[in-house]
Structures are given as structure tokens and as C-alpha cells.
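Colleague: First, the structure itself, so that you have it in front of you.
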Amino acid sequence: MKKTTTESPVVNGENARQEAAAFVESIANNPTVTRLAEGMGYVNSETDDVSEKLAALKAFSNQEWDFRNGKERQDTSGTEFDAIQSAAIFEAAQEWNMVESSEPLKNHYDFVTVLGGANKSPLLRVRYAEEQMEKHNLEVPYMVLLGSSRPLSDAEKNNTKDYAPGAEDEFDLMNGAVETEFGINHTDEKIIDLHNFSPNATDKEMWRVRYYEAPNGMRILSVSAPQIEGERRVNTADTYRFMEEVVGYEMLNDADVLNVTNAHFVPFQNADAERLLGLKANAHVETIGYSADYAGITRKPHELLQEMNSAINQTALLQESLVK
């Protein structure tokens, strides 16, 4: 993968399967990342088998780079690193486009997807997507907001009241973000009632969809996905799986999909998108993200290691799907 602010970690190929395989290769065989891991105790097996290499990296990173301990990302704390170690971590992370902002590579997309998140992330992701579409003159027919019913803490409610007053969950944040950025009022919104009304359904099986139309005619679907893969709550993979089910194979087949997220989430969320939209629906996936500077924050080294760990784990799942 090249170190640049204008490339995503997706290497375009003849079809979605080749693109997914190229992405896996870029994660498994990056020499800068391997050197970083070796400096922290990783023993390189020197195998040429991609699955074996990812398995070894996964075992190492789960042990050394996972600082969550079952917590939400915003609640984690990690090891302090000296200046030399920090520089090495940032250099390796940039190899996977996790540090600087990245921009779209193509001049046309069929879908822009905006991943759900905490605090100001939904607002900034919608804003960055809108800015990139305007900057690159992209007329995208559909935007899909991929959220969940994750409840908000009191602190998060306070942090988001400027764009999503009264929000109770992540789905409310996504709706508040699109309403704020596109100037859409509640009266402009159409609620599509797709709740699961099975008498035996649990809260995690419930799903919601809202439909908006932006002033430029772009159609916006905001979805709250049910819990499928996530152990504690809905995760990124669940939202992609739901998109594949709601949007459907016919519309996603051979479609160009641009994912928008935070820079340090780019590789792990791209891995899930390749697995659940690329391989399942033959979509061509590209993932971009905005830098910590764009968000007005400082990214800590342990946060990058945490998401490098996530990238390795999700890429291992993608590789499993490729070799089945």
C-alpha cells in the first residue's frame, strides 16, 4: 500500500474478488507493519501463505495491541510510548492510510456509505462525505447511513446536543447528522416501518429505516441494523450485512461503493466491506477517512495499534471467506 493522502487501501482489479485478495495481501505483507510488530516481540514465521501469516499476526496483535478489554473504544486507555516508538507506530499506520485524510479515487460512485460512530463522528463523517462529493464533483444517487440502536451515555448525549438534540441512540445521531448537514427537517423525512414484529423478537433483532431526500436529489437511507455478528452489540459487519440485505444484490452487483469513516478505522472497516459487500454482492469497495487533525483532536499511538489489531482480525475473516 502506498503512503499517500489520496489513495484508499483498495487496489482496483478486474472484479470484486480480485480487489478483496489484493487488499488482504496489502495487510498481510506490509514490511513497515511487520518491522513494527517485530520490534514489539512478534516472531515472523517467514511463511508465504497469506492465511498463515494473518493467523500469526492476529495471535500477536490480539495479545499486544488490544487495549479495549471489552470496553467501548472511547473508554479505552493504553500504554504510553516514547517518541521513537510513537513515530514507528504512526509510520506503520500510515502505510494502511490510518493517519492522514484520504480522498476518492474514482469520478463516479453508485453509493456513498457513512459508518455509524460515537460522539461527533456521525456529524463529521457526513460532513466529510459531503465535502468530498462537492470537491470531486461527484453526483452520487444514494447515500446509506449505517447505524445501530447502541444507547448513548449521558456524556455522549451532552457532546452531541448541538447536532442531535434529544438523541437516545446511535441511530438518532446519524439522523441528526444528515438533517444538520443537508438542512433536512423532520417534516421532510419519511419513516419506513420495517420493524421486526415477531412476538419472540428481542431488542437486538429490531431494525429501523428512515428515508430522506437531499436538496440535490440524492436519496438517503438511514438504517439501524440488527445484531448478527456482534457479541456485545451491533458491529460494523452487522451494518454492512444489513445494507446487503436492504439494498439488495441487484443494485449492489458491480456497483462502486465509497465508504466514509475516520482515518484510523479505514482498513478494518474496508475489510468488512470487502467481505460483506464485495464478495457477497460483487460490489467494488473503496474506503476513505478523515484525519484526527480534521476532527480537531490528537490521535494517540495506542489508538492506532488498537485499530491495526482490528484491521488484522477483520482481514483474517476476509481471507477465510476468500479461501472457502
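Colleague: Hey, can you tell me all the residues within the stretch 265-284 that are surrounded by fewer than 24 Cβ atoms within 10 Å (Cβ to Cβ), under 22 Å from I312 (Cβ atoms) and not basic (K, R)?
Modeller: F265, L279
So that you can scan it fast, the table gives a plain yes or no per residue for (1) over 30 Å from A255 (Cβ atoms); (2) at pLDDT 90 or above; (3) in the same structural domain as R210 (by TED's automatic domain parsing); (4) in contact with a Lys or Arg (Cβ under 7 Å, 6 or more places away or on another chain):
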residue: Y142; (1), (2), (3), (4): no, yes, yes, yes
residue: E170; (1), (2), (3), (4): no, yes, yes, yes
residue: M174; (1), (2), (3), (4): no, yes, yes, no
residue: I191; (1), (2), (3), (4): no, no, yes, yes
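Colleague: To continue, here is another question. Between L258, L252, which is over 13 Å from the mean Cα position of the chain (by Cα) and either in contact (Cβ under 8 Å) with a residue 60 or more places away in the chain or surrounded by fewer than 24 Cβ atoms within 10 Å (Cβ to Cβ) (or both)? Show your work before the answer.
Modeller: On the way: L258 fails: over 13 Å from the mean Cα position of the chain (by Cα).
Exactly one residue qualifies, and that residue is L252.
Colleague: I would also like to ask the following. What residue, of T236, T287, T315, is in the same structural domain as A22 (by TED's automatic domain parsing) and crowded, with 17+ Cβ neighbours inside 10 Å? Step through it out loud before you land on a result.
Modeller: Working: T236 fails: in the same structural domain as A22 (by TED's automatic domain parsing); T287 fails: in the same structural domain as A22 (by TED's automatic domain parsing).
Criteria check complete, one pass: T315.
Colleague: Now for a different question. Can you tell me which residue in the stretch 1-46 is modelled with the lowest pLDDT, limited to those that are among the charged types (D, E, K, R) and part of a loop (DSSP other than H, G, I, E, B)?
Modeller: Applying the first criterion (among the charged types (D, E, K, R)) to the stretch 1-46 yields 2-3, 7, 14, 17, 19, 25, 35, 38, 46.
Within this subset, residues satisfying the condition of being part of a loop (DSSP other than H, G, I, E, B) are 2-3, 7, 14, 46.
Numbers: K2: 35, K3: 32, E7: 40, E14: 55, E46: 80.
In this case the residue turns out to be K3.
Colleague: Under 22 Å from F182 (Cβ atoms) and in contact with a helix residue (DSSP H, G or I) (Cβ under 6 Å, 6 or more places away or on another chain): which single residue out of Y249, Y294, Y290, Y240 fits that description? Let's see the steps before the verdict.
Modeller: On the way: Y249 fails: under 22 Å from F182 (Cβ atoms); Y294 fails: in contact with a helix residue (DSSP H, G or I) (Cβ under 6 Å, 6 or more places away or on another chain); Y240 fails: under 22 Å from F182 (Cβ atoms).
Matching residue, one of Y249, Y294, Y290, Y240: Y290.
Colleague: Same structure again: Can you find even one residue in the stretch 291-304 that is surrounded by fewer than 18 Cβ atoms within 10 Å (Cβ to Cβ), out of contact with any Phe, Trp or Tyr (no Cβ under 9 Å at 6 or more places or on another chain) and among the charged types (D, E, K, R)?
Modeller: Looking for residues that are surrounded by fewer than 18 Cβ atoms within 10 Å (Cβ to Cβ), out of contact with any Phe, Trp or Tyr (no Cβ under 9 Å at 6 or more places or on another chain) and among the charged types (D, E, K, R), one finds at least one in the stretch 291-304, hence yes.
Colleague: Taking the residues in the stretch 131-162 that are among the hydroxyl-bearing types (S, T, Y) and surrounded by 19 or more Cβ atoms within 10 Å (Cβ to Cβ) as candidates, determine which candidate is farthest from P226 (Cα to Cα). Walk me through how you get there before you give the answer.
Modeller: Filtering the stretch 131-162 down to residues among the hydroxyl-bearing types (S, T, Y) leaves 142, 148-149, 153, 160.
Checking the rest, the ones that are also surrounded by 19 or more Cβ atoms within 10 Å (Cβ to Cβ) come to 148-149, 160.
Values: S148: 7, S149: 8, T160: 23 Å.
Top of the filtered list is T160.
Colleague: In the stretch 264-300, which residue that is assigned to a loop (DSSP other than H, G, I, E, B) and of a type outside the set (D, E, K, R) is farthest from S101 (Cα to Cα)? Lay out the reasoning, then the answer.
Modeller: Within the stretch 264-300, the subset assigned to a loop (DSSP other than H, G, I, E, B) is 282-283, 291, 296-300.
With the extra rule that they be of a type outside the set (D, E, K, R), the set shrinks to 282-283, 291, 296-298.
Details: N282: 27, A283: 23, S291: 5, G296: 13, I297: 13, T298: 14 Å.
Filtering first and then ranking leaves N282.
Colleague: In the stretch 60-83, what residues are at pLDDT 90 or above and surrounded by fewer than 13 Cβ atoms within 10 Å (Cβ to Cβ)? Steps first, answer last, please.
Modeller: Narrowing the stretch 60-83 to residues at pLDDT 90 or above: 60-66, 81-83.
Passing the criteria: N62, Q63, D82, A83.
Colleague: Something else about it: Does T261 qualify as being in a strand (DSSP E or B), of a type in the set (V, I, T) and not assigned by TED's automatic domain parsing to the domain that holds L173?
Modeller: Values: in a strand (DSSP E or B): yes; of a type in the set (V, I, T): yes; not assigned by TED's automatic domain parsing to the domain that holds L173: yes.
Spelling it out, T261 is indeed in a strand (DSSP E or B), of a type in the set (V, I, T) and not assigned by TED's automatic domain parsing to the domain that holds L173.
Colleague: Can you pull out every residue in the stretch 91-130 that is closer than 23 Å to L252 by Cα, among the polar types (S, T, N, Q) and surrounded by fewer than 23 Cβ atoms within 10 Å (Cβ to Cβ)?
Modeller: N107
The values are calculated or read from the model by the stated rules, or taken from the named source; none is laboratory data. All of these numbers come straight from a predicted model, not from anything done at the bench. Using ideal geometry, Cβ is built from the backbone for each residue, glycine included, and neighbour counts are taken over all protein chains shown.
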